[in-house]
Amino acid sequence: MKRGDNDETWDGEPEGRTYLTTAMPRPLVVRGGRGMVPSRASFDEQQGINPEINLLAYWHVLVKHRLVIAGAVAVMLILGLIFTLLTTPIYRSTTMIQIDREVASYTGIQEVTPDDSRNLEFYQTMYGQLKSRKLALRVVQKENLANDPAFMNQSKPSGFKDGINKLLGRNKGPAANMTAPLAARERQATSLLMAGLSIEPVRNSRLVKIAYESPDPAVASRVANQFAKQYVGFNLDRRFDATADARVVLQDKLAEAKTKLEVSERALNAYATSQGIISVTAPSTTGVPGGGGAEQTASTSLTATDLVAMNTAAGMAKSARIAAEQKWRQAQSGALMSLPEVMGSPTIQALRQQQASLNGQYQLMLTKFVPEAPEVVAIKGQIDELGRQINSEAGNIRASIQQQYQTARNTESQLMGQVSGLKSGVMDLRNRSIQYTILQRDVDTNRTLYDGLLQRFKDIGVTAGGGANNVSVIDDAVTPRSPYKPNMLINLLIALGVGLVLGVGAAFGLESLDETIKVPEDIEGKLGMPLLGAIPMLDKGVTPEEAMADPRSAFSEAYYSVRTALQFSTNEGVPRNILVTSARPSEGKSTTSVALAKNFAKLGMNVLLVDSDLRNPSLHRTLRADSSAGLSNYLTGSATLIELAQATDQPNLAFIPCGPLPPNPAELLAGARIRALVAEAQQHFDLLVIDGPPVMGLADAPLLASSVAGTILVIEAGTTRQGLAKAALRRLDLGHARILGALLSKFSLKAAGYGYGYGYGYGYAYNYEYGNNDTKKLGRQKG
């Protein structure tokens, strides 16, 4: 029967291949003995699961190759253990420092240093300094490590090679050449030092851990502490060097300013000399921006100085003249004896006292004597003489006032004349001092610049030693008591992870290289043909006959499922004649032929089983039948079907063995007798099952397939390659075979990676007790 318009076609079916799939359901398997359930592939399609992302399929691959994965893990664990045991112990010692972003100053003067504290890269710069070769060289020189043979001969922190050499009794390597030049040994020591150094900033803080690793714990702690101390000094030196650079720049600027000041002063002096300008300097103290006080000089010409002095003197003389003039005018207009000078004269006051005394005596004598008395006349003469003396002294005083007035007028006139003369000289000098002022301004500007630079230079000198270091040591390193590495647990965990990765990679690599048909899904996915069933692998020591003898075994249940699938393979049910073949020998086709024949016979059908393998027959041994006459006799016309059919221990089942092996099996099967056998068997039996030879390498199977109504291809799971199965299908197509489907034999859930309880198991959900040990052994098999 060829595929028609009403036939169902399968995805991936090769063009020209014929399948008897009309009215046939999706491939069915039995699980738990509870009936027909769809295969895993059809179940995924029904649930809408993307078959391209099947995690369970990946799990099956891992379970299938679990030994490979376990082996890779075991090997890596052993290698990790060996690596750990052979690695030289490395000790790690850590010190902690603090790096501040702001720097305090003892002087209060802003320091001339790079403003790294404001940059985001500040700490990264500091970490780079810690890892610098210059700092490592300072440590080498401070600890004199270049002259320490123990340090120079130690290996770098990865001591696995040393462990191997130690195990093999070899030396570590060539000893350090202690006679080499000091510079070469310092370079070598610096490289060793940097190899064991690690810088670990503490997150969200200003703390930094400086760790050093060495095979010697004492060296580890000593070097770590020295690194911290040297970095503190290194940072101070770096800041001092930055200030020294500023001092060098300022020194150059000072020299330049000094030269300009000297040139401007020489030009000023030369011009003053040529113009006869003499300047007088007077010291004055004024505030200088930038701090401190500085002495400045105000200069003027000698003529201007004289003019100022004369003008001051003239002003004073004028004032004196005005005062003298007022006194004189008062002396002229007022009574002589009322003048303040007269009244205040001590001489006149003394004369007046004497006069007053004589007047008193005169008045007393008048009481006693007459005015003409000589005593009275004498006293009267004395009184008159004193009056004349008083008037004479008062006249002298008024003359003195007049003289003072005349002197003041003369002095004022003289000074005013000198001031007038000096004014003309100053005006002439001013005209000649314009260029002098310009030169003087240049001198003042250069002097101010020079004084400012000099003060800045002094400030930098003070700042160089007055700043606080922004690096400080918080914790000193201590000598470690136990090695930092190798760490057994970490190494074994790494080995475990590497082993898992390698094992899983190897598992999927083997799986991708494995082209065999392994699981039922491969029948549909890789070959594009229907799956009739999956026959489980028998336990070791159990024969197919024993397994089929137990109707409740997974083996029997699998063939029950195949029988049911064949009953739905066509519109009329199971085809009247079936060929069972395989791509190569020993794939289970003979066992399948016997099992199907017996199962249909148990349904009450008259079944004829024919062994058509004319090259290597085997059914007569399985059924314990006589093979002296058989199919070869019928094909040669020497016997009839009824004569050759043998009864078996299974009711309703007849068997025709192969018979004598012919020299030309293909010629016999190509004749018309094989079709006559099929037609005659349909007259006497309900079902004809032919156990055919393998397809590959022989022409027998395609010839038989062209003569029957349906062909079953048996494929051994995990052994038959995809290419071989496809080649067998192509050969059957050339013989116009009508393929009912494929049967997967010797299917092991464990080998396929399914484990227990998934997919393709056969069995019951409860146990049964049997009367003998054999049936107990076969009573329950988990899939």
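The values are calculated or read from the model by the stated rules, or taken from the named source; none is laboratory data. This is a predicted model, so every value here is computed, not measured. Virtual Cβ from ideal backbone geometry, glycine too; neighbours counted across all protein chains shown. Note: areas computed on protein heavy atoms with side chains; ligands, DNA, RNA excluded. Shrake-Rupley method; radii C 1.70, N 1.55, O 1.52, S 1.80 Å.
Given a 1.4 Å probe and heavy atoms of the protein chains only, how would you sort Met365, Met310, largest accessible area at the top?
Met310, Met365
Using modelled amide H (1.01 Å from N, peptide plane; none on Pro or chain starts), what sits under 5 Å from the amide H of Gly533, excluding residues fewer than 5 places away?
Leu744
Just to confirm the filter: which trypsin sites (Lys or Arg not before Pro) across the range 469-527 are DSSP coil and have at most 14 other Cβ within 10 angstrom of their Cβ?
Answer by residue number: Arg481.
So for Glu121, Glu385, Glu393, Glu412, what's the accessible-area order with a 1.4 Å probe, most first?
Accessible-area ranking of Glu121, Glu385, Glu393, Glu412, largest first: Glu121, Glu385, Glu393, Glu412.
Roughly how far apart, in whole Å, are the Cα centres of the range 242-263 and the range 84-100?
50 Å
Given a 1.4 Å probe and every protein chain left where it sits, what share in percent of the accessible area of the range 606-730 is carbon and sulfur?
Carbon with sulfur: 50 percent of the solvent-accessible area.
If each of Arg238 and His736 carries a label point 7 Å out from its Cα toward its Cβ, how far apart are those two points in nm?
Placing both labels 7 Å beyond Cα along the Cβ direction yields 9.4 nm.
Per-residue accessible area for Lys258 at 1.4 Å probe radius, Å² rounded to 10?
The value for Lys258 is about 100 Å².
How much accessible area does Tyr436 have with a 1.4 Å probe, in Å² rounded to the nearest 10?
30 Å²
Apply the Karplus curve 6.51 cos²θ - 1.76 cosθ + 1.60, θ = phi - 60°, to the phi angles in the range 414-428 and return the couplings in whole Hz, x for Gly and Pro.
After applying 6.51 cos²θ - 1.76 cosθ + 1.60, I find 4, 5, 5, x, 5, 4, 4, x, 5, 4, 5, x, 5, 4, 5 Hz.
Would you work out what percent of the accessible area of the range 507-575, with all protein chains in place, is carbon or sulfur (probe 1.4 Å)?
Of all accessible area on the range 507-575, carbon and sulfur atoms account for 56 percent.
What ³J(HN,Hα) values, in whole Hz, does the Karplus curve 6.51 cos²θ - 1.76 cosθ + 1.60 give for the range 138-148 when θ = phi - 60°, with x put for Gly and Pro?
4, 5, 4, 5, 5, 8, 6, 6, 5, 9, 9
Sort Ile383, Ile78 from largest to smallest accessible area, using a 1.4 Å probe on the heavy atoms of the protein chains.
Putting Ile383, Ile78 in descending order of accessible area: Ile78, Ile383.
So if R0 is 45 Å, what FRET efficiency would Ala356 and Ser413 give, r being the distance between their Cβ atoms, rounded to the nearest 0.05?
After rounding to 0.05, the efficiency reads 0.50.
Taking 0.36 nm per residue of separation and subtracting the Cα-Cα distance, what length does fully extending Ile474 through Ile278 add?
Gain on stretching Ile474 to Ile278: 63.6 nm.
Under a crude label model (7 Å from the Cα following the beta-carbon direction), how far is Asp649 from Lys423 in nanometres?
16.5 nm
If r is the Cβ-Cβ distance from Val248 to Ile438 and R0 is 35 Å, what FRET efficiency results, to the nearest 0.05?
0.55
May I ask you to compute the full-extension gain from Ala378 to Ser191, defined as 0.36 nm times their residue separation minus their alpha-carbon distance, rounded to one decimal in nm?
53.7 nm
At 1.4 Å probe size, what's the solvent-accessible area of Met316? Round to the nearest 10 Å².
130 Å²
Looking at this model, which pairs from Lys142/Lys229; Lys64/Lys589; Lys142/Lys485; Lys518/Lys726 are more than 20 angstrom apart at the alpha-carbon?
Cα-Cα > 20 Å for Lys64/Lys589; Lys142/Lys485; rest within.
So what J values fall out for the range 217-222 if you push phi through Karplus, 6.51 cos²θ - 1.76 cosθ + 1.60 with θ = phi - 60°, rounded to Hz, Gly and Pro as x?
With coefficients 6.51, -1.76 and 1.60, one gets x, 5, 5, 4, 5, 5 Hz.
What FRET efficiency, computed as 1/(1 + (r/R0)^6) with R0 = 41 Å and r the Cβ-Cβ distance, is obtained for Val263 and Arg206, rounded to the nearest 0.05?
It comes to 0.20.
At 4 °C and a viscosity of 1.567 mPa s, what translational diffusion coefficient does Stokes-Einstein give for the range 371-418, taking Rh as the Kirkwood radius over Cα pairs? Give it in µm²/s as a whole number.
Approximately 94 µm²/s, per Stokes-Einstein.
Determine the per residue accessible area of the range 423-542 with all protein chains present and a 1.4 angstrom probe, expressed in square angstrom.
On a per-residue basis, the range 423-542 sits at 55 Å².
Quick one: net charge of Pro651's neighbours, Cβ under 13 Å, K/R +1, D/E -1?
Net of charged neighbours comes to +1.
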